[in-house]
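K.L.:
Got a structure for you, written out below as structure tokens; questions coming shortly.
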Amino acid sequence: MIAAMFNRVDIARLLLARGADPLAVDAAGISAREAAAKMGAHDAVALLTATVEER
């Protein structure tokens, strides 16, 4: 989630390739995609959206 929030698409892509769940939520029920959107991390939102759609 932190990688997505700070638009670190390179790190997010690596984590997803290693099995990170793009639909996982934190204790407050916020997904990485939602957190990235709130932070304005548009590239990370696009990556997470594409990853979810591929499933």
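Each reported figure results from applying straightforward, stated rules to the coordinates on display, with no laboratory input. Because the structure is a prediction, the values reported are computed rather than measured. Methodologically, a virtual Cβ is constructed for each residue, glycine included, from the backbone with ideal geometry; neighbour enumeration extends over all protein chains shown.
K.L.:
Gain in length, Ala27 to Ala46, computed as 0.36 nm per residue apart minus the alpha-carbon separation, to one decimal in nm?
P.N.:
Fully extending the segment from Ala27 to Ala46 adds 4.5 nm.
K.L.:
A further question follows. Please state the shape class of the chain: rounded when a/c is under 1.5, otherwise prolate if a/b exceeds b/c and oblate if not, all from the C-alpha gyration tensor.
P.N.:
rounded
K.L.:
Would you calculate the separation in nanometres between label points at Lys38 and Ile11, each defined as 7 Å from the Cα along the Cα-to-beta-carbon direction?
P.N.:
Using points 7 Å along Cα→Cβ, the separation is 1.8 nm.
K.L.:
At a 10 Å Cβ-Cβ cut-off, how would you order Met39, Met5, fewest neighbours first?
P.N.:
Arranged by neighbour count, lowest to highest, Met39, Met5 become Met39, Met5.
K.L.:
Tell me the mean residue ellipticity at 222 nm calculated for the chain from its helices only (DSSP H runs of n ≥ 4, each -39500 (n - 2.57), averaged over every residue, nearest 500).
P.N.:
The helix contribution divided over the chain gives -17000 deg cm²/dmol.
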